[in-house]
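Participant: Please find one structure pasted underneath; my questions will follow.
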Amino acid sequence: MPNHTLALDVGPNTLRAALVERTLRTQRVLGLYAHQRAPGGDLAADVRALAAQHGITWDEVVSALPGDAVTHRILELPFHDRKRLDQTVPFELESHLPFELEDTVIDFQVLDTRDEGTSSVLAVSAPKSAVREHLAALAAAGIDPRLVDLTSLAALNVVREAAASRGGRIAFVGLDAGRTTVALLVDGHLIGLRVLSHGVATGGDLERCLREVRWSLLALANGEPLTALWVGGDAADTPGAMAALGRTLGTTPQSLDTLALGSVPITLRGKQAAFATSLGLALRQTGDATPFGIDLRRGEFAYHREREALWRGLSRAALLAGAAIVLMVVSFVLDARRLEARRDAVRSEIRALFTAALPGVRNIVNEKAQLQTEIAALEKQRRLYGGLAPSAPRAIDCLRALTAAVPKDVPLDIEELSLDGETLRLRGSTKTYEGVEAVKRGLATRPEFRNVEAKDVRASVDGQRVEFRLSLEVSTEAP
C-alpha cells in the first residue's frame, strides 16, 4: 500500500510543501504546493488553508527548522565509533553555543570516515524553545511531524542527485528571501555549510548578499576552482540574481530546475529550485545513497507515534493471540466432553451387552476381563465335550474309539486319561509286554488316532503287570 509523505518548508513569507508517494520500490512526487503567509500569520491556519486549497491528504509529515535558527559545525574527530561520537559531539559543540547544553537539542550526521579511523561529522544544535515552538505550531493544525530536519541541509539532497553523476567540487547556493545557504561538496561529501543572515530581499542589497556568498565559497574551497555551481531557493528566480551571481563568482550557475530527477514529473521540474528544501526533505526518505539530514526530535521531543503504533499493533496481536488461546481451550474442553460422552455411551452399550450375555453375573467389575474368563471357561468345556463344529474332537468319541481299538483278549486297566486339544494321553497297565503292543497296534488301526507312541513301558513293582504310557493325536477329520 503506498504511503503519502508531506514535506513542509515553513518560510517567513511562504509555506511550501512537497507531496510524495512511496512504495517499497518506487517513489514519485505527486505535487509541489505553495501558500502565501501574512507577516506574523498563524502557521496552523496556513497549513489548513494549504491542505484545503489543494485537497491534500497525507499519511505522515516531515518538516525542518530554518538554518539561521540553529548552530552547526563540521567537526574532525579521531574516531568514528557511534557510541563515542554520541558521548563526544555535544561537548565538542558546547564551546560554540551561546547557551547551556541542557537547553539545546543536539543531533549529528557522519559525513565521511577515513581509513585511518578518523571521521568528519556535521553537528547541529537547536534551542529547545525553537523546537518546542515549531512543534506546537504544527500541533495546532493537527500535525505531529515524524522528524524535524534542517532546511539548509535538506536542500542538499536535491544537489546530491546532480553530484552523483559528476565528481569534483560542486557548490550549492540557496537564495531565499530572508537568508542564503552556501554549501560545498567534494566527490559527493559535504565539506562546508554556511547560512548567511542576508537574503536576496534583505534590505534590497543583492550585491552585499553575493559578496558574502563569494567570500564563503572562497573560504570553503580554499581558492580551488569549482566543477559546478547549482542554485536553488525561493528567490532564485529574482530578476538578475543568477547573472549577478555568475559575475561575482566567475562561473556559470545552473538552476536546479534543469535537473532531471527521476521521481519528479516533467511538469513539475520548473519548480525544483524554488521547492529545493521541501523536495529535499521528501527525497531523504528513500534512495540508495546515504541522504543528508538530521532529526531534532530527540529527548523530550522524541516522536512516539511509530512506537505507539507498534504497541497498538502488539496489543492487537496479544488480544488476538489471547482470543486464539481461549478458543483453543474452549475447543479442547468441548472435544474432551464429546469424547467423554462417547466413552460413557460405549461403556453403557458394553454393560448392556455384558448383562444380556451373562445375566447371572451380578458383581460387574471389569467387563472385558470377566468376559474373557467366561469365554475361556466355555472354550474349555467346548474342547471337553465338543463344539458345534464337526471337526472338534469330543471326549466321548475318543472313549468310544479307544474301547473299540483295544483287543478283547487283552486285559487293560486305565489309570489316567486326558484330552488336551488334539492330544490324548493314556496311562495304564496290562499283564504282558505283548498286551502293550497289541493295544498300540489296535489304536494305530483306528482312523480317529494317529502318531501313536508308547512310552515308559516297564514292569510294575510287584512284577505282576506291565505299566505303560501312550500318547496319540486325535484326528479332527470325520472318519
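No lab work stands behind these numbers, since they all come straight from the coordinates. Bear in mind that the values here come from a model prediction, so they are computed numbers and not experimental data. Positions of Cβ are backbone-derived with ideal geometry, glycine not excepted, and every protein chain shown enters the neighbour counts.
Participant: So in region 1-148, what percent of DSSP beta bridges are antiparallel if you round to the nearest 5?
Facilitator: 85
Participant: Given Cα positions, please report Rg to Rh for region 207-294, the hydrodynamic radius being the Kirkwood one.
Facilitator: With Rh from the inverse mean 1/r over Cα pairs, Rg/Rh is 1.00.
Participant: Helix 305-357 versus the longest principal axis of the chain: what angle, 0 to 90°, nearest 10, using Cα atoms?
Facilitator: 10
Participant: Report Rg/Rh for region 97-190, rounded to two decimals, where Rg is the Cα radius of gyration and Rh the Kirkwood radius.
Facilitator: Rg divided by Rh gives 1.03.
Participant: Kindly express, to the nearest 10 degrees and within the range 0 to 90, the angle between helix 367-385's C-alpha long axis and the longest C-alpha principal axis of the chain.
Facilitator: Long axis of 367-385 versus the principal axis of the chain: about 30 degrees.
Participant: For region 417-431, just list the computed ³J(HN,Hα) in residue order, Karplus coefficients 6.51, -1.76 and 1.60, θ = phi - 60°, integers in Hz, with x standing in for Gly and Pro.
Facilitator: Listing the rounded values in order: 9, 9, 10, 10, x, 10, 10, 10, 10, 9, 10, x, 8, 9, 7 Hz.
Participant: Moving to a separate point now. For region 304-384, what size does the Cα cloud have along each of its three principal axes, sorted from largest down, in whole Å?
Facilitator: 92, 21, 15 Å, listed from the longest principal axis down.
Participant: Please state the relative contact order of the chain as a whole percent: Cα pairs under 8 Å, 6+ residues apart?
Facilitator: 11
Participant: Could you tell me the convex hull volume per residue, in Å³, taken over the Cα atoms of the chain?
Facilitator: Normalising the Cα hull of the chain by residue number yields 395 Å³.
Participant: Of 408/431; 380/431; 128/271, which sit over 24 Å apart, Cα to Cα?
Facilitator: Listed pairs above 24 Å: 380/431; 128/271.
Participant: Please list, ordered by chain and number, the residues whose modelled amide H lies under 5 Å from the amide H of residue 104; skip anything fewer than 5 residues away on the same chain.
Facilitator: 128
Participant: Still on this structure, please answer the following. Kirkwood hydrodynamic radius, computed over distinct alpha-carbon pairs, for region 1-156: how many Å, to one decimal?
Facilitator: 17.4
Participant: May I pose another question? Karplus couplings for region 183-188 from phi (6.51 cos²θ - 1.76 cosθ + 1.60, θ = phi - 60°), rounded to Hz, Gly and Pro as x?
Facilitator: 9, 10, 10, 10, 6, x
Participant: Working from Cα positions, state the angle (0 to 90°, nearest 10) between the long axis of helix 206-221 and the longest principal axis of the chain.
Facilitator: 50
Participant: Here is a further query. Using amide H atoms built 1.01 Å from N in the peptide plane, name the residues 5+ places from residue 191, or on other chains, whose amide H lies under 5 Å from its own.
Facilitator: Those qualifying (amide H under 5 Å, at least 5 residues apart or on another chain) are 184, 185, 186.
Participant: Let me ask another. Quick one: which of 322-330, 49-57, 107-115, 407-415 comes out on top by average Cβ neighbours within 10 Å, and what's the full order, highest first?
Facilitator: Ranked from most to least packed, the peptides come out as 107-115, 49-57, 407-415, 322-330.
Participant: Over the Cα atoms of region 386-474, each weighted equally, I'd like the Debye log10 I(q)/I(0) at q = 0.11, 0.16, 0.23 Å⁻¹, rounded to two decimals.
Facilitator: For region 386-474, the Cα-only Debye profile gives -0.29, -0.60, -1.14.
Participant: Moving on. List the residues, sorted by chain then number, that are 5 or more residues from residue 294 or on another chain and whose placed amide H is less than 5 Å from its amide H.
Facilitator: For residue 294, whose amide H was placed from the backbone, the distant partners under 5 Å are 150.
Participant: Same structure again: Sorted by mean Cβ packing within 10 Å, highest first, what order do the peptides 341-352, 260-271 take?
Facilitator: Ranked from most to least packed, the peptides come out as 260-271, 341-352.
Participant: Given only helices, namely DSSP H runs of n ≥ 4 each adding -39500 (n - 2.57), what is the per-residue ellipticity at 222 nm of the chain, to the nearest 500 deg cm²/dmol?
Facilitator: -12000 deg cm²/dmol
Participant: Using Cα pairs closer than 8 Å and at least 6 residues apart in sequence, work out the relative contact order for region 386-474, in percent.
Facilitator: Relative contact order comes out at 28 percent.
Participant: Something else now. Contact order normalised by length for region 230-290, with contacts defined as Cα pairs under 8 Å and 6 or more residues apart; what percent is it?
Facilitator: It rounds to 41 percent for region 230-290.
Participant: Give a quick list of trypsin sites (Lys or Arg not before Pro) in region 3-87 that DSSP marks as loop, anything other than H, G, I, E or B, with at most 13 other Cβ atoms within 10 Å.
Facilitator: Loop-located and lightly packed - 25.
Participant: Additional query: Arrange the peptides 442-453, 118-129 so that the one whose residues have, on average, the most other Cβ atoms within 10 Å appears first.
Facilitator: Descending mean neighbour count gives 118-129, 442-453.
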